[in-house]
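The values are calculated or read from the model by the stated rules, or taken from the named source; none is laboratory data. None of these values were measured; they are calculated from a predicted model. Here the Cβ positions follow ideal geometry from the backbone for every residue, glycine too, while neighbour counts run over all protein chains shown. Just so you know, the surface numbers come from the protein's heavy atoms only, side chains and all, with ligands and any DNA or RNA stripped out. Shrake-Rupley method; radii C 1.70, N 1.55, O 1.52, S 1.80 Å.
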There are 2 protein chains.
Amino acid sequence: MADGSVSLSGQLAATTLHEAVSSSEVAKAEFSDRVPIRSVVSRPDGGAGLAGHRVRIGGWVKTGRKADKDAFAFLELNDGSCPANLQVIVDASVSDLSPLVPTGTCIAVDGVLKLPPAGTKQKVELRVEKVVHVGPVDPAKYPLPKTRLTLEFLRDFVHLRPRTNTISAVARLRNALAYATHTFFQKHRFLYVHTPIITTSDCEGAGEMFQVTTLISEADKLEKDLIKNPPPSAADIEAAQLLVKEKGEVVAQLKSAKAKKEDINASVAELKKEKENLAKLEERSKLKPGIPRKDGKIDYGLDFFARQAFLTVSGQLQVESYACCLSSVYTFGPTFRAEHSHTSRHLAEFWMVEPEIAFAELKDDMNCAEAYVRFLCQWLLDNCFDDMEFMADKFDKTCIERLRMVASTPFERISYTEAVELLEEAVKGGRKFENKVEWGIDLASEHERYLTEVKFQKPVIVYNYPKDIKAFYMRLNDDSKTVAAMDVLVPKVGELIGGSQREERYDVIQQRIKDMGLPIEPYEWYLDLRRYGTVKHCGFGLGFERMLLFATGIENIRDVIPFPRYPGRADL
Amino acid sequence: MADGSVSLSGQLAATTLHEAVSSSEVAKAEFSDRVPIRSVVSRPDGGAGLAGHRVRIGGWVKTGRKADKDAFAFLELNDGSCPANLQVIVDASVSDLSPLVPTGTCIAVDGVLKLPPAGTKQKVELRVEKVVHVGPVDPAKYPLPKTRLTLEFLRDFVHLRPRTNTISAVARLRNALAYATHTFFQKHRFLYVHTPIITTSDCEGAGEMFQVTTLISEADKLEKDLIKNPPPSAADIEAAQLLVKEKGEVVAQLKSAKAKKEDINASVAELKKEKENLAKLEERSKLKPGIPRKDGKIDYGLDFFARQAFLTVSGQLQVESYACCLSSVYTFGPTFRAEHSHTSRHLAEFWMVEPEIAFAELKDDMNCAEAYVRFLCQWLLDNCFDDMEFMADKFDKTCIERLRMVASTPFERISYTEAVELLEEAVKGGRKFENKVEWGIDLASEHERYLTEVKFQKPVIVYNYPKDIKAFYMRLNDDSKTVAAMDVLVPKVGELIGGSQREERYDVIQQRIKDMGLPIEPYEWYLDLRRYGTVKHCGFGLGFERMLLFATGIENIRDVIPFPRYPGRADL
């Protein structure tokens, strides 16, 4: 790739790269001269088989120290390609060692892979022949010293925190879950649909919405403009009016004097000019600083989209319009809630996976949700075991076991009514819940976790919820009391997935909208899907960050998304 | 899957599904009882080998007609799984035929696949034994009759337009390009990073930004509250002040009269109560309807994020913070511009793919961009040939040829200076451009298209642009006149990709920010990436919708995104 010509074999080369891990070749990264540290240390032999190879390595120093009276330096180097570091040894004859050893220093080096002395932990190390690049660090100023830092502290440095072992492992796990998501749905022939971020629909008033507007910035612009070029005063306008009057009189005089045609025309032209000037001044005199209002309300007719617009709270309703013709679809994107929740489980911006399946009922929905969650768990075990070991070591001893259990265990399926009965039994047996248990309640997190963690000790799908606690679009069951909704509960986080069969019967859904006191008009397009060629369909939503909390055992949702947004904070 | 138990073999089953296309098995869709029409008609034998199989099929009627004196109906059925329809034949003895034939009707049917009479176009057809579901359509009201509709007309029905051949083909092609994007970068071990949608950074003032706020909705809430519970009047406050004064005097009297302790305490308590009431009234009297202001400006300290926030115009700056520790990363998500562009090439909400590579220079960036674009083209040829044939037939005869050419041809690479020389030569040779050609200009679309369509007739990468027309973060070349930027130009759309090596030198980038008259403070975090362990890195952005225009030959960008947002329009 060094000569600037590229062939499609690029993709083959990458495959080779992964396979090379078990051969004696060293695979270069594509689009760079370096060899990823992963290609060296993640081999089954720990890299020993590569001894003797000459490679270029780049990365950041995790820990560095000079040894043997400053004759050489030991550097633990990491490039983010895997959790493991490569031990790098630089001789003082090769380079000034002092700039190399501070934590956080970036180096690129050429060297030879060698077997380390017997009895050391690493299976291979790099003897540097040439230092190609140094990005130095002043340890006195670097905000992330070697000492262990709390995740809370790191939230003040979202641009630097992926340099830590924990946040980089989370980044790799998050990447893996995202790609696993696409792989799962693509394998099952679902089409990925980009639902809109800016929306003028409200998904069942799911929560507080952020407004998207240009009115404020335009008002600011106008305000500045009016300071620079003040609007005309009443006197300015009077003067202009006077001019119009004068010019009008001149025209009248010339006409009554039967003056020459060209003179009349000239004076008419002057009159026209003054009239135009007056109109402009009058127009400009109407400009008022501030957000435009009409009939006492903000005039959204003047906003960018000529109406009020918001950030989406869910892509479900829109993706349904694609399911109702493409059959199996999903959306995977950011969603937003403007709630002032300061908890460890809420973000103002978070990612959701929302599949939607046509010609399918609640049972199919449950099958899909279960297959998807188990696929994700197995994927992490297959592709990210080193990062999972790190998580097990540092955050949650049970996280690998949990993935294994979920990947291999059929989910329990119980109706809401059965769930309530089980909870009531538990109460009789002495179990204390903060929230009262009775048919009709929305299950609280403590109830959900009891069912999945204590009662069944595996994932549980609860289905057929009371209609009064669920959204209008969920399909009414024949009992007229419950709807075909289902939630997937898992140990550690409780509700991971919420879904339902959608009400496909026009008359029923229209009545449900009315019964819930919602206006019909905004849902006319949604009703069209039932008016014309309606189809049984169902779908669900998985909170992507919840899945990460479940997988990693990390406690705070702000640490499993690269750039967390919550009340009072939106860094970068 | 019908029994509610699911095993991980779900993924295997899906693979089997695709392979089944060439076997004599019929593969059911996962999570539904139906067989996708694709599994029948997209086989090399057109489905003939499946004759005799009993299947359930679901879909929407493209065209339907009764025949043979209403003895049976012919229906062309489509379920979105592929562009081709399945011919379905229903006998009048099986079902009332009238509700089945209108265009747009949804049906699910059980039947037997049969070989059609010799000489017909289709290789297989379905004889219906049972109609399982009908979602009827009133043809008098259905907005999408069988007649060909213009794409412009369809924009008024974004919830129904994916039912048309064109928009459903675009949806499949868009899905394919999205998955190809993930596949390409994952194969090359790039990590997918979710950069934020809500941002408080401005990427080099790339354009007008949408503001994200809760101030307006909170002001609305307050206004309503103040109407319901009007703020206290001056008289209310005076009365409360008087009460405080009186209670104070009582306390003073009791104290000076050396009254009983409990009496004094009681009166002090009353005084306290009145003081609290007064404080509340005073607080409430300060409430003013409208957006809160402070020192003459809007008080963003009271907004959701305690500062002004916007929708991102690019994830580049943020993703750089991940490249500078994880080495190879990319972001793929929605971006926003609040520009009042009413062109066929601009959207207010559009998707961008932005990779970023550490330990890499401009040449690596070009290699990556070229490999990626060629991979996308080859992917469509390999995976969506039927949809591409539809596009070639209906929109752009050359679109398949274009994909083949790009997939197989090394891109031309010329410097900006060479590009300008070539354009000047063209002018001398009689070529007319609307925009003047001279060193220092930003190449206009007509220049770009001349280079790629006329001069080279293949993709062209132009690199090393004048620094004055490019962003501050692009790496200054040794000539101090140009920066290490590169644009990929392709036939049909011109600029498809823009990228650059990033300036990694702290002093140089700081000076560039100052020279461009930008404030330093908002970029301090970005400078940190250069302050601590800086690394050579580069990246680019591909406008995802532009890639779709390039691939499909469709003219208007509003037709290649499911829910287009542009000035005055944000349906759903």
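The residue that is nearest to A:P136 (Cα to Cα), counting only those in segment A:70-86 that are more than 32 Å from the chain's Cα centre (by Cα) and part of a loop (DSSP other than H, G, I, E, B), is A:D70. Going by the structure shown, is B:A178 more than 9 Å from every other protein chain (Cβ to nearest Cβ) and either closer than 21 Å to A:T534 by Cα or in a helix (DSSP H, G or I) (or both)? It is false that B:A178 is more than 9 Å from every other protein chain (Cβ to nearest Cβ) and either closer than 21 Å to A:T534 by Cα or in a helix (DSSP H, G or I) (or both).
Residues in segment B:306-326 that are closer than 21 Å to B:R337 by Cα, within 8 Å of chain A (Cβ to nearest Cβ) and surrounded by 14 or more Cβ atoms within 10 Å (Cβ to Cβ): B:A309, B:L311, B:L317, B:Q318. Inspection of segment A:436-455 identifies at least one residue that is in contact with a Ser or Thr (Cβ under 9 Å, 6 or more places away or on another chain), under 24 Å from A:F540 (Cβ atoms) and not in a helix (DSSP H, G or I).
Checking every residue in segment A:504-524 against the condition of being open to solvent by less than 10 Å² (accessible area, probe 1.4 Å) and under 29 Å from the mean Cα position of the chain (by Cα) gives zero matches. Looking across segment A:39-69, the residues that are part of a helix (DSSP H, G or I) and touching a strand residue (DSSP E or B) at 6+ places or on another chain (Cβ under 7 Å) come down to A:V40, A:V41, A:L50.
Condition check: buried (at least 22 other Cβ atoms within 10 Å of the Cβ) and either within 14 Å of chain B (Cβ to nearest Cβ) or at pLDDT 95 or above (or both). Does A:V137 satisfy that? Against the criterion (buried (at least 22 other Cβ atoms within 10 Å of the Cβ) and either within 14 Å of chain B (Cβ to nearest Cβ) or at pLDDT 95 or above (or both)), A:V137 qualifies. Out of all the residues in segment A:181-194, which are within 14 Å of the chain's Cα centre (by Cα) and in a helix (DSSP H, G or I)? The one that is within 14 Å of the chain's Cα centre (by Cα) and in a helix (DSSP H, G or I): A:T181.
Checking segment B:88-109 against the condition returns a match, with at least one residue being assigned to a strand (DSSP E or B), touching a Phe, Trp or Tyr at 6+ places or on another chain (Cβ under 8 Å), at pLDDT 95 or above and acidic (D, E). Kindly evaluate A:M486 against the criterion of being farther than 29 Å from A:L403 by Cβ and surrounded by 21 or more Cβ atoms within 10 Å (Cβ to Cβ). Here the answer is no, as A:M486 does not meet what is asked. Scanning segment A:140-162 for residues that are surrounded by fewer than 16 Cβ atoms within 10 Å (Cβ to Cβ), of a type in the set (V, I, T) and under 17 Å from A:I554 (Cα atoms) returns a single hit, A:T150. Taken across segment B:327-339, residues that are in contact with a Lys or Arg (Cβ under 8 Å, 6 or more places away or on another chain) and surrounded by fewer than 20 Cβ atoms within 10 Å (Cβ to Cβ) do not occur at all.
Of all the criteria given as (1) modelled with pLDDT of 95 or more; (2) hydrophobic (A, V, I, L, M, F, W, C); (3) more than 33 Å from the chain's Cα centre (by Cα), the one not satisfied by A:V26 is (1).
Criterion applied to A:K458, A:K432 was being modelled with pLDDT of 95 or more, closer than 30 Å to A:H537 by Cα, of a type in the set (D, E, K, R) and not in a helix (DSSP H, G or I), and the one residue passing it is A:K458. Determine whether B:I497 is touching a His at 6+ places or on another chain (Cβ under 9 Å), closer than 21 Å to B:T335 by Cα and either more than 11 Å from chain A (Cβ to nearest Cβ) or open to solvent by 10 Å² or more (accessible area, probe 1.4 Å) (or both). It is false that B:I497 is touching a His at 6+ places or on another chain (Cβ under 9 Å), closer than 21 Å to B:T335 by Cα and either more than 11 Å from chain A (Cβ to nearest Cβ) or open to solvent by 10 Å² or more (accessible area, probe 1.4 Å) (or both). Annotation note: of B:E361, B:E370, the sole residue that is open to solvent by 10 Å² or more (accessible area, probe 1.4 Å) and acidic (D, E) is B:E361. A Cβ distance below 7 Å, combined with a sequence gap of six or more or placement on separate chains, defines the contacts here; from segment B:143-163, residues that are under 23 Å from A:L317 (Cβ atoms) and within 14 Å of another protein chain (Cβ to nearest Cβ) reach residues that are of a type in the set (D, E) and open to solvent by less than 30 Å² (accessible area, probe 1.4 Å) in the pairs B:H159/A:D528; B:L160/A:D528. Beta carbons closer than 9 Å, at least 6 apart along the sequence or on distinct chains, pair a first residue in segment A:505-532 that is under 23 Å from A:D479 (Cβ atoms) and within 14 Å of chain B (Cβ to nearest Cβ) with a second that is open to solvent by less than 70 Å² (accessible area, probe 1.4 Å) and among the acidic types (D, E) for A:I509/A:E503; A:R530/A:E503; A:R530/A:E504.
Scan segment A:264-298 for residues that are loosely packed, with under 13 Cβ neighbours inside 10 Å and of a type in the set (D, E) and jot them down. Hits for segment A:264-298 are A:E276, A:E283, A:D295.
For B:I198, the test of being touching an Asp or Glu at 6+ places or on another chain (Cβ under 9 Å) and either more than 14 Å from chain A (Cβ to nearest Cβ) or open to solvent by less than 90 Å² (accessible area, probe 1.4 Å) (or both) is passed.
A Cβ distance below 6 Å, combined with a sequence gap of six or more or placement on separate chains, defines the contacts here; from segment B:217-235, residues that are surrounded by 14 or more Cβ atoms within 10 Å (Cβ to Cβ) reach residues that are of a type in the set (V, I, T) in the pairs B:A219/B:I291. Contact map, segment B:245-265: residues that are touching a residue at least 24 places away in the same chain (Cβ under 8 Å) paired with residues that are of a type in the set (A, V, I, L, M, F, W, C), Cβ distance under 8 Å, separation 6+ or inter-chain. Pairs shown: B:K247/B:L271. The residues on offer are A:E412, A:E424, and the sole one that is open to solvent by 30 Å² or more (accessible area, probe 1.4 Å), in contact with a Phe, Trp or Tyr (Cβ under 7 Å, 6 or more places away or on another chain), more than 10 Å from every other protein chain (Cβ to nearest Cβ) and on the phi < 0 side of the Ramachandran plot is A:E412. For the subset of segment A:340-353 comprising residues that are more than 10 Å from chain B (Cβ to nearest Cβ), open to solvent by 10 Å² or more (accessible area, probe 1.4 Å) and touching a residue at least 60 places away in the same chain (Cβ under 8 Å), which member is nearest to B:T166 (Cα to Cα)? Within segment A:340-353, the match that is nearest to B:T166 (Cα to Cα) is A:M352. Note on segment A:121-134: residues that are open to solvent by 40 Å² or more (accessible area, probe 1.4 Å) and away from every other protein chain (no Cβ under 12 Å) total 6.
Residues in segment B:318-325 include none that are more than 21 Å from A:T214 (Cα to Cα), free of Cβ contacts under 8 Å to residues at least 12 places away in the same chain and out of contact with any Pro (no Cβ under 6 Å at 6 or more places or on another chain).
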